[in-house]
Amino acid sequence: MVKNINIEGINYEYRADHSPLDLERIKIKLYECRTYSNVFTKDLTNAFMSTMRGIVDPTQKHEENTIWEVCGLSGSGKSRAVISLAKKLTPKTFSYKYIVFYDQHILDIAKDVPRDSFIIRDEAVKVFGVGSNRIATDMHTLSETCRKFGINLAFLSPAEKSIPVAKFILETTDVDYKNEITRLALKDPVTDRYLGGVYVKVLPADDYDWIMYNKAKDEFIESIKDGKRAGKSDFRAIAKEMYEKIDENVFRTKKQRLAYLKAELNALTNAEIEIVATFLEILIYHGEDALNTAEENGKTEEKQA
């Protein structure tokens, strides 16, 4: 089905690419949810963009922000669509560096993110570790903190999670690959009703932020595969690795070494880096066998217990 749409003054013929199974999913949802038909009949793109620009414009609403819950199957295009939206709305402040892969990272960078920008909590593999889910139980506090700083948030996940502070829910519906447009279903979390469709002209594949985001995500996933976020013994292993790499003649103070670790271990939370830093100082002052002794003593105590 072809639909004539308008994205900020430019007309397109939107032709979604649907597999037979995609069509079955849409049919079932149309049958089960009366307001889902609005996604296909009401084009709210310009209304949505106008509303969001009013929120991110500091001259209009100084302490207002927006929080999006974005859901859709893996590979449905939600990351590219949301990054495209955020960059379009905040071109002067947006950076791929504000796309994070675990909860604690939001708190780590919030104070340094420019006002009226976006932090995007991307869908990623399951993460464990110190502070990895710290904000999960304190979402309202996070919301108020970000509102104070004028920071907008977008949480991405494969399925709707009912984030209590979300002001809008955006759900990937389908894609027009020829025009590189993704259709998002816009849902009101208060009434739990679909309002209409939002069409996003996504960033080109060679966009700098898109390329750097994918690079950062690949590195993050590799760090998960390498076991750098699993348990307490891994922090010792990371400290040993850093001990072999760091030049003590260059990084002479504890503060300098901590800065080095933060640059090298950007897939870890600040709390985890502090643990590694402590182990590194032990190695520097007591020798490379110090952690082996500590670990052996720990295992002995566990056996005795």
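The values are calculated or read from the model by the stated rules, or taken from the named source; none is laboratory data. A quick note: this is a predicted structure, and the numbers were derived from the prediction, not measured. Because the Cβ atoms are built from the backbone with ideal geometry, glycine has one as well, and the counts that use them run over all protein chains shown.
Quick look at the values:
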| read-out | value |
| --- | --- |
| Number of the condition not met by residue 209 [criteria: (1) part of a helix (DSSP H, G or I); (2) at pLDDT 90 or above; (3) surrounded by fewer than 17 Cβ atoms within 10 Å (Cβ to Cβ)] | (3) |
| From 65, 38, residue being in a loop (DSSP other than H, G, I, E, B) and either in contact with a strand residue (DSSP E or B) (Cβ under 6 Å, 6 or more places away or on another chain) or of a type in the set (Phe, Trp, Tyr) (or both) | 65 |
| Which listed residue is closer than 30 Å to residue 263 by Cβ and at pLDDT below 95, from 87, 3, 92, 61 | 92 |
| Residue, nearest to residue 291 (Cα to Cα), within region 234-248, restricted to residues that are among the charged types (D, E, K, R) and touching a helix residue (DSSP H, G or I) at 6+ places or on another chain (Cβ under 8 Å) | 236 |
| Test: residue in region 79-94 that is part of a helix (DSSP H, G or I), on the phi < 0 side of the Ramachandran plot and without any contact (Cβ under 8 Å) to a residue 24 or more places away in the chain | no |
| Any hit, region 28-40, residues being under 12 Å from residue 185 (Cβ atoms), touching a residue at least 12 places away in the same chain (Cβ under 8 Å) and under 27 Å from the mean Cα position of the chain (by Cα) | yes |
| Residue pairs meeting the criteria (Cβ under 6 Å; at least 6 apart or on separate chains; first touching a residue at least 60 places away in the same chain (Cβ under 8 Å) and part of a strand (DSSP E or B), in region 1-19; second acidic (Asp, Glu) and surrounded by 10 or more Cβ atoms within 10 Å (Cβ to Cβ)) | 5/43; 14/176; 15/176 |
| Residue that is farthest from residue 213 (Cα to Cα) [pool: residues in region 96-117 that are hydrophobic (A, V, I, L, M, F, W, C) and under 10 Å from the mean Cα position of the chain (by Cα)] | 106 |
| Test: residue in region 54-67 that is touching a residue at least 60 places away in the same chain (Cβ under 8 Å), of a type in the set (Gly, Ala, Ser) and assigned by TED's automatic domain parsing to the domain that holds residue 147 | no |
| Checklist (1) touching a helix residue (DSSP H, G or I) at 6+ places or on another chain (Cβ under 9 Å); (2) surrounded by 10 or more Cβ atoms within 10 Å (Cβ to Cβ) applied to residue 9, failing item | (2) |
| Residue 242 being free of Cβ contacts under 8 Å to residues at least 60 places away in the same chain and of a type in the set (A, V, I, L, M, F, W, C) | yes |
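Each row is one residue, and each column tells you yes or no for (1) in contact with a Leu (Cβ under 7 Å, 6 or more places away or on another chain); (2) more than 30 Å from residue 19 (Cα to Cα); (3) at pLDDT 95 or above.
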| position | (1), (2), (3) |
| --- | --- |
| 173 | yes, no, yes |
| 198 | yes, no, yes |
| 203 | no, no, yes |
| 218 | no, no, no |
| 224 | no, yes, no |
| 233 | no, yes, no |
| 245 | no, yes, no |
